[in-house]
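Q: One structure coming up, written as structure tokens, with questions to follow.
The values are calculated or read from the model by the stated rules, or taken from the named source; none is laboratory data. Everything quoted here is computed from the prediction, not taken from an experiment. Because the Cβ atoms are built from the backbone with ideal geometry, glycine has one as well, and the counts that use them run over all protein chains shown.
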Amino acid sequence: MRKQHQEALEQSRTVATHDQRREERVDLELLIEVCGFDSCLRFFTERTETRNVSGWGCQFPLRIEVSEEAVLAIRVVRQNGDSESASKSALFRIVRVRPGPEGILVQAQKMQPYDIWNTEIPLLN
């Protein structure tokens with residue numbers, strides 16, 4: 001278990017040093033569920049929609065105030081008629097927070113290597 005934790009830390013450091021703003025983004029609205037701790041260290045869960053996504057990040061609005069460098073768990077929620085299914089969640093690091101029309105606009109960087117978007121867009125795979 002300790003080895004997995006060390007590998008995850010090394011990988012997150014590698015990801016954190018990569019300039020994600022140069023990565024191609026796709027304007028894509030996906031329903032997501034965001035979990036984490038707000039700027040007052042209270043646990044929250046909020047559903048929102050992405051504004052854009054890339055292979056290693058996304059942008060989305062939140063009503064809850066969060067801090068840069070905080071870590072959030074994000075999963076995609078799929079709606080099929082009256083039922084829902086959710087993808088596996090991934091950890092994201094907040095890299096930018098700015099005021100937005102619906103609260104704040106968050107830019108987050110994925111800290112794990114697997115695809116949570118589950119889309120057919122080649123750019124994201």
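Q: Just to be sure I understand, how many residues within region 36-51 are surrounded by 15 or more Cβ atoms within 10 Å (Cβ to Cβ) and not basic (Lys, Arg)?
A: Total meeting the criteria: 7.
Let's see how each residue does on (1) out of contact with any Leu (no Cβ under 9 Å at 6 or more places or on another chain); (2) assigned to a strand (DSSP E or B); (3) at positive phi; (4) not aromatic (Phe, Trp, Tyr):
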site	(1), (2), (3), (4)
VAL53	no, yes, no, yes
PHE60	no, yes, no, no
VAL66	no, no, no, yes
LEU72	no, yes, no, yes
ARG75	yes, yes, no, yes
ARG78	no, yes, no, yes
PHE92	no, yes, no, no
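Q: Within region 61-114, which residues are farther than 21 Å from SER39 by Cβ and of a type in the set (D, E, K, R)?
A: ARG75, ARG78, ASP82, GLU84, LYS88, LYS110
Q: How many of the residues in region 62-115 are among the polar types (S, T, N, Q), free of Cβ contacts under 8 Å to residues at least 12 places away in the same chain and within 19 Å of LEU28 (Cβ to Cβ)?
A: So the answer is 2.
Q: While we're on this one: Just one of the numbered conditions (1) of a type in the set (Asp, Glu); (2) at pLDDT 95 or above; (3) not in a strand (DSSP E or B) is not true of GLU46; which one?
A: (3)
Q: In region 41-59, how many residues are in contact (Cβ under 8 Å) with a residue 12 or more places away in the chain and more than 13 Å from ARG25 (Cα to Cα)?
A: Number of matching residues: 6.
Q: Please indicate, with yes or no, whether at least one residue in region 64-71 is hydroxyl-bearing (Ser, Thr, Tyr) and closer than 18 Å to PRO113 by Cα.
A: No, every residue in region 64-71 fails to be hydroxyl-bearing (Ser, Thr, Tyr) and closer than 18 Å to PRO113 by Cα.
Q: Under 12 Å from the mean Cα position of the chain (by Cα), surrounded by fewer than 17 Cβ atoms within 10 Å (Cβ to Cβ) and of a type in the set (A, V, I, L, M), is that true of VAL95?
A: yes
Q: Identify, by number, the condition in (1) surrounded by fewer than 13 Cβ atoms within 10 Å (Cβ to Cβ); (2) modelled with pLDDT under 90; (3) not acidic (Asp, Glu) that THR119 doesn't meet.
A: (1)
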